[in-house]
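The values are calculated or read from the model by the stated rules, or taken from the named source; none is laboratory data. These numbers come from a predicted model, not from an experiment. When we count neighbours, we look across all protein chains shown, and the Cβ atoms used for this are built from the backbone with ideal geometry, even at glycine.
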Amino acid sequence: MTVPLNPKLFDTDVEQAPIRAGFGEGLVLAGRADERVVAMCCDLTESTKMDAFAKEFPKRFFEMGIMEQSSASVASGMAAMGKIPFVSSYAMFSPGRSWEQIRTNICYNDRPVKIAGSHAGVSVGPDGGTHQAIEDIAITRVMPNMVVVTPCDSIEAKKATLAMAKTNSPTYIRLAREKTPIITTEDTPFEIGKAQEFFRSANPKVGIIACGSLVYNAIMAGKELEAEGTGTIVLNIGTVKPMDRTAVIALAKECGAIVTVEEHQVAGGMGSAVAEILSVEHPTKMAFIGVQDLFGQSGTPLELIKHYGMDKDSIKVAVKKLS
Amino acid sequence: MTHLHDDKIKLLEEKALEIRKSIIEALVEAKSGHTAGPLGMTDIFTAFYFHILKHDPKNPTWEERDRVVLSNGHICPVLYATMAHAGYFPVEELKTLRKFGTRLQGHPHREYLPMLETSSGPLGQGLSQAVGMALADRLDRGQNSNRTVYCFLGDGELNEGQIWEAMMLAGREKLHNLVAIVDRNNIQIDGFTENVMPLEPLSDKWRAFGWHVLEIDGHNMEAIVDAVDEARAIFEKPSVIIAHTIPGKGVEMFENDYKWHGNPPNQEQGANALAELRTLGGQIASEHE
Ligand SMILES: Cc1ncc(C[n+]2csc(CCOP(=O)(O)OP(=O)(O)O)c2C)c(N)n1
Ligand SMILES: [Mg+2]
């Protein structure tokens, strides 16, 4: 069953907002709901959208300076004393640079520290490859105890932020810089660990599993494919870990072929996680949309999404090959 | 390297002006990028590429060259513009900054521009690489090596713990073939450095880690050249030059305002900036006229 989505989703003037903005809103709400919530940022308070929280809760906000590694460990210490710390920077540096601190101080100790990685994906644009995190899903999902959420729009990011503040698990939330279309509504259900059907054609031949900023492209591809006579189902996998195994297996059984879509390296990413499930439970032909073992580079977000084969047309080609 | 005569100083100052113009033009064209750091470091980069460095723009892999590590990669507009004016590649190419397919990536990437000594952008990692280069140089050439490794650092960048690890190692190894230059412009992204994460007393800290410390006005060509001369003459320690600079130097609207750390001027601001650049207005063609 498809969940209710933005009625303007297929309009050319669909509203747009950066996914990171929803995180900023959600963090303020989480802070109001629970005074154990604290936040720390590494000299990127506006960029990572922690500024609203810093303004409303100045005592519970900590400017860490450019110290991503130490911040992860400091957050672990705060969590040990009962706080629910959110740490933010660019995804490349947190969890990128601070990976082992997160592994040992946070996941190994099973502390409820929440890592918010902004500017994930090549859609960071002109800053170039050094700033485009396309490995963060792989390096976070590989750690025991870690939960990995990848919201598809700013509204889902807000709900995910609120939800993760309520759990006792180390959690990574993946955020993007650019404005992207609003797909969901305030009423679209969100639950950590649950995938949702966002699009369905009659007689689906290929299941598309998408996450984060590319869910929109996946839906648009599904829509066009439908008009061209190829039926698909698009599943939004808002949580990469723990993955909604039931939904993934059911989709593979119904469609018989799966295309995964993520703004991330194909190696180790969400698609790999899907393959890990299906190869054991229900071996299925798959294709992987994502970065094919390359670094990012400077360019506009659209140029880069197209160059690395993650645009709507690339998704359509992959689906047609499998259908 | 020889002492600066007045006519050389004037020449360097005029070069710096050209380079500032190129930086502003490139940023306007790119529509993104960093303004404050590059303009603040222009005088130093000019002194390096037009007087201090042992290098050959036509032969960038020359083994005898000094090595330059830009640790604060986000100020690459000044590196690119200075290298272009020094003859490494056409000045025209600066217009491609940050665009798809460019060699001038938003942060330096060696794979695209192999004449760079390293790639950077993620802060805090340059000094360690420079220490590695200096150690290797000493292994190959011994104590009397004629090559110097220069590492440029931001002041906010010094928040990163890895910098202090590299400082310790360089101090223990007494790497006199290593010179660090800190852009002490007092800003980082979230505000003034002393509010975000106080660094002072900064000289004492470097000294305590075994470094010879020099503090200069980073806009005074003579002071820049003299400081490097002194640094190279110190035989028992690595040296650091703490260069006091004005972020956004040359354009009043950009100066000393951390909001210009990572924003480019738009078309109109760029045009105003180009018109304002001091010498253009005929105000101070050179302080040494
Ligand atoms: C490891 C890392 N963390 C964060 C950033 C984002 N960032 C880029 S520049 C900057 C501030 C650097 O301050 P400073 O070195 O003083 O440079 P300035 O603003 O003076 O140019 C930050 C936090 C980064 N590039 N690398
Ligand atoms: Mg600075």
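List of remarks:
- Answer from A:VAL38, A:VAL74, A:VAL3 - the residue that is under 30 Å from B:GLN125 (Cα atoms) and more than 14 Å from chain B (Cβ to nearest Cβ): A:VAL38
- Residue check, B:GLU200 within 16 Å of ligand 2 (Cβ to nearest atom), surrounded by fewer than 22 Cβ atoms within 10 Å (Cβ to Cβ) and modelled with pLDDT of 95 or more: yes
- Among the residues of this structure, B:ALA36 counts as one that is touching a Pro at 6+ places or on another chain (Cβ under 9 Å), of a type in the set (A, V, I, L, M) and buried (at least 22 other Cβ atoms within 10 Å of the Cβ).
- Subset of the range B:112-129 (residues that are on the phi < 0 side of the Ramachandran plot and within 16 Å of ligand 1 (Cβ to nearest atom)): B:THR118, B:SER119, B:SER120, B:PRO122, B:LEU123, B:GLN125, B:GLY126, B:LEU127, B:SER128, B:GLN129
- Just one of the listed residues (A:GLY268, A:GLY212, A:GLY299) is touching a strand residue (DSSP E or B) at 6+ places or on another chain (Cβ under 8 Å), modelled with pLDDT of 95 or more and outside the structural domain of A:ALA165 (by TED's automatic domain parsing), and it is A:GLY212.
- Of all residues in the range B:1-47 being within 17 Å of B:LEU104 (Cα to Cα) and assigned to a loop (DSSP other than H, G, I, E, B), the one that is nearest to ligand 2 (Cβ to nearest atom): B:HIS34
- Restricted to the range B:76-118, and to residues there that are of a type in the set (S, T, N, Q) and in a helix (DSSP H, G or I), the residue that is farthest from the other protein chains (Cβ to nearest Cβ) is B:THR82.
- Complete set of residues in the range B:136-165 that are in contact with a strand residue (DSSP E or B) (Cβ under 9 Å, 6 or more places away or on another chain), within 20 Å of B:ILE234 (Cβ to Cβ) and not aromatic (Phe, Trp, Tyr): B:ASP137, B:ARG147, B:THR148, B:VAL149, B:CYS151, B:LEU153
- Test for B:LEU199: is it farther than 30 Å from A:GLY125 by Cα, within 14 Å of chain A (Cβ to nearest Cβ), within 12 Å of ligand 1 (Cβ to nearest atom) and assigned to a loop (DSSP other than H, G, I, E, B): yes
- Looking across the range B:168-192, the residues that are in a loop (DSSP other than H, G, I, E, B) and away from ligand 2 (no atom under 16 Å from the Cβ) come down to B:LYS174, B:LEU175, B:HIS176, B:ASN177.
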